[in-house]
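Following: one structure in structure tokens, then a few remarks.
The values are calculated or read from the model by the stated rules, or taken from the named source; none is laboratory data. On a predicted model such as this, the values are computed, not experimentally measured, just so you know. Cβ coordinates were reconstructed from backbone atoms using ideal geometry, including for glycine residues, and neighbour counts include every protein chain displayed. Surface areas here come from the heavy atoms of the whole protein model, side chains and all, with no ligands, DNA or RNA. Shrake-Rupley method; radii C 1.70, N 1.55, O 1.52, S 1.80 Å.
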Amino acid sequence: EYMELNRKQTVLDTIKCILSNEIIVGSIEDIGIVRLDIIGSRVSDKYTYNSDLDILVEYSNDIKECNVFNMLNSLDLEYDGVKIDFFPNKLIPELSI
């Protein structure tokens, strides 16, 4: 992975804090964020100067992914001058047999 682990964790912690604040002030719904991760060109060392920062958002609440996508990306967030694009993934509860 290209992005240094400590830097990656700092970025993710910062974004999680920003999203938590947006939930508190009511800009977005509480989607039940379970995990954030950086994906795409910024971690594979294939980015260019205008590449965005792709963030995978795994969540648990019963909200359609397309609605979460629109909600999160409507925030128009940046990190260190880089546009953030969110990619939600709704976690499906495991079925017990």
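Against the condition acidic (Asp, Glu) and under 24 Å from LEU91 (Cβ atoms), how does ASP13 come out, does it pass?
Values: acidic (Asp, Glu): yes; under 24 Å from LEU91 (Cβ atoms): yes.
It is true that ASP13 is acidic (Asp, Glu) and under 24 Å from LEU91 (Cβ atoms).
Is it the case, given these coordinates, that GLU58 is touching a Pro at 6+ places or on another chain (Cβ under 7 Å) and either charged (D, E, K, R) or open to solvent by less than 50 Å² (accessible area, probe 1.4 Å) (or both)?
Working: touching a Pro at 6+ places or on another chain (Cβ under 7 Å): no; either charged (D, E, K, R) or open to solvent by less than 50 Å² (accessible area, probe 1.4 Å) (or both): yes.
No; evaluated as a whole, the condition is false for this residue.
Among the residues of segment 14-26, is there at least one that is surrounded by 14 or more Cβ atoms within 10 Å (Cβ to Cβ), modelled with pLDDT under 95 and in contact with a Leu (Cβ under 8 Å, 6 or more places away or on another chain)?
No, segment 14-26 has no match at all.
Would you check which residues across segment 27-55 are surrounded by fewer than 16 Cβ atoms within 10 Å (Cβ to Cβ), touching a residue at least 12 places away in the same chain (Cβ under 8 Å) and more than 14 Å from MET71 (Cα to Cα) and list them?
VAL34, ARG35, ASP37, ILE39, SER41, SER44, ASP45, SER51, ASP52
When you scan segment 15-33, how many residues do you find that are under 15 Å from TYR79 (Cβ atoms) and either of a type outside the set (S, T, N, Q) or within 11 Å of the chain's Cα centre (by Cα) (or both)?
Looking only at that region, the number is 6.
Given the conditions (1) of a type outside the set (Ser, Thr, Tyr); (2) under 27 Å from ASN6 (Cα atoms); (3) open to solvent by 70 Å² or more (accessible area, probe 1.4 Å), which single one is not true for ASN67?
With respect to (1) of a type outside the set (Ser, Thr, Tyr); (2) under 27 Å from ASN6 (Cα atoms); (3) open to solvent by 70 Å² or more (accessible area, probe 1.4 Å), ASN67 is out only on (2).
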